[in-house]
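What follows is one structure encoded as structure tokens, with my remarks underneath.
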Amino acid sequence: MSGIRLDTLFTDSSLPVGSSLAAGLLASENLVHWFQADAAHVDLTGDTIDSWTDRAGSGRVLTPVSGGATLEDAALGSFTAALFDDATSDHYGMSGSTLPWTGAFTIGVVARLDDLTSALRMLVGAGSGSTFYLGRIGTDIMRLRCGGTNNIDAVFPNTSDWFSVLASYDGTSAGKISINGAAAITGTASDPSVSSATVLGATASGGTGFWSGDISDLMIWDIDLLASGAAAERAKVDAFLSSVYGIGS
């Protein structure tokens, strides 16, 4: 047979819909949502994002509650991202009446903050009888509030660099946060009792604490990805973030 045969799987991390590392994440039955700010998964008017389609195939979409983030070219290396402007209260609500915050779960977000003042800056939130959000508090804390006044805090890298955060709830009494692939910080958590739409970029639908900067990915799993029993699956996530986005170790 003429020609050259190479028994090697090539991947190209610059491809917007991902390499084999992304395929490995999508193959997981525990990844229930993956909203990625990529042209293949958003609808645009000009460069304004009208809706985001769930890459994990749930059929859910994110649509603007207020304003509208813009799709920014080459924001994260060669990758696009959604640029949120707090001046126009940009935030998006998730479709569907059944919300993913029952039992164990993990939130994963890849983002960059351009306002390093002490203003409240939220990544994910929802209306709740027991307050529920993930975001930056002050200038140096990333906080998961999951149930009542229970807070799990990690040191927030107060720079305009890109970062990743994984925040989890074990479904009973503990929450965890890991930033940029670091060891998880553990604290008390309880059922968040979410009662209205989950939003990206604010405390709740029509709420406050609007994000100011870029968000490229929102991922949600239906397990505690930071538990010791999920180490193999978490390793796939860390490998994707490190190898494709250059975040973490």
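The values are calculated or read from the model by the stated rules, or taken from the named source; none is laboratory data. In this text the structure is predicted, and so the values were computed from the model without any measurement. So basically every Cβ, Gly included, is an ideal-geometry build from the backbone, and we count neighbours across all protein chains shown. Remember, those area values only see protein heavy atoms, side chains included, never the ligands or the DNA or RNA. Shrake-Rupley method; radii C 1.70, N 1.55, O 1.52, S 1.80 Å.
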Self-check item: Residue check for A119: touching a residue at least 24 places away in the same chain (Cβ under 8 Å) and touching an Asp or Glu at 6+ places or on another chain (Cβ under 6 Å)
Solution: no
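Here are A87, A74: which of them is open to solvent by 30 Å² or more (accessible area, probe 1.4 Å), free of Cβ contacts under 8 Å to residues at least 12 places away in the same chain and in a strand (DSSP E or B)? Give the derivation first.
Details: A87 fails: in a strand (DSSP E or B).
When all the criteria are applied, what remains is A74.
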Practice problem: Scan segment 203-218 and give yes if some residue there is without any contact (Cβ under 8 Å) to a residue 24 or more places away in the chain and among the charged types (D, E, K, R), otherwise no. | Solution: no
Quiz prompt | Any hit, segment 94-114, residues being open to solvent by 30 Å² or more (accessible area, probe 1.4 Å), in contact (Cβ under 8 Å) with a residue 40 or more places away in the chain, in a strand (DSSP E or B) and closer than 20 Å to A39 by Cβ | solution = yes
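Answer yes or no as to whether G171 is without any contact (Cβ under 8 Å) to a residue 40 or more places away in the chain, out of contact with any helix residue (DSSP H, G or I) (no Cβ under 8 Å at 6 or more places or on another chain) and either aromatic (F, W, Y) or open to solvent by less than 50 Å² (accessible area, probe 1.4 Å) (or both). Write out each step before concluding.
On the way: without any contact (Cβ under 8 Å) to a residue 40 or more places away in the chain: no; out of contact with any helix residue (DSSP H, G or I) (no Cβ under 8 Å at 6 or more places or on another chain): yes; either aromatic (F, W, Y) or open to solvent by less than 50 Å² (accessible area, probe 1.4 Å) (or both): yes.
Answer is no for this residue.
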Quiz item: In segment 182-202, how many residues are modelled with pLDDT under 95, part of a loop (DSSP other than H, G, I, E, B) and buried (at least 21 other Cβ atoms within 10 Å of the Cβ)?
Solution: 1
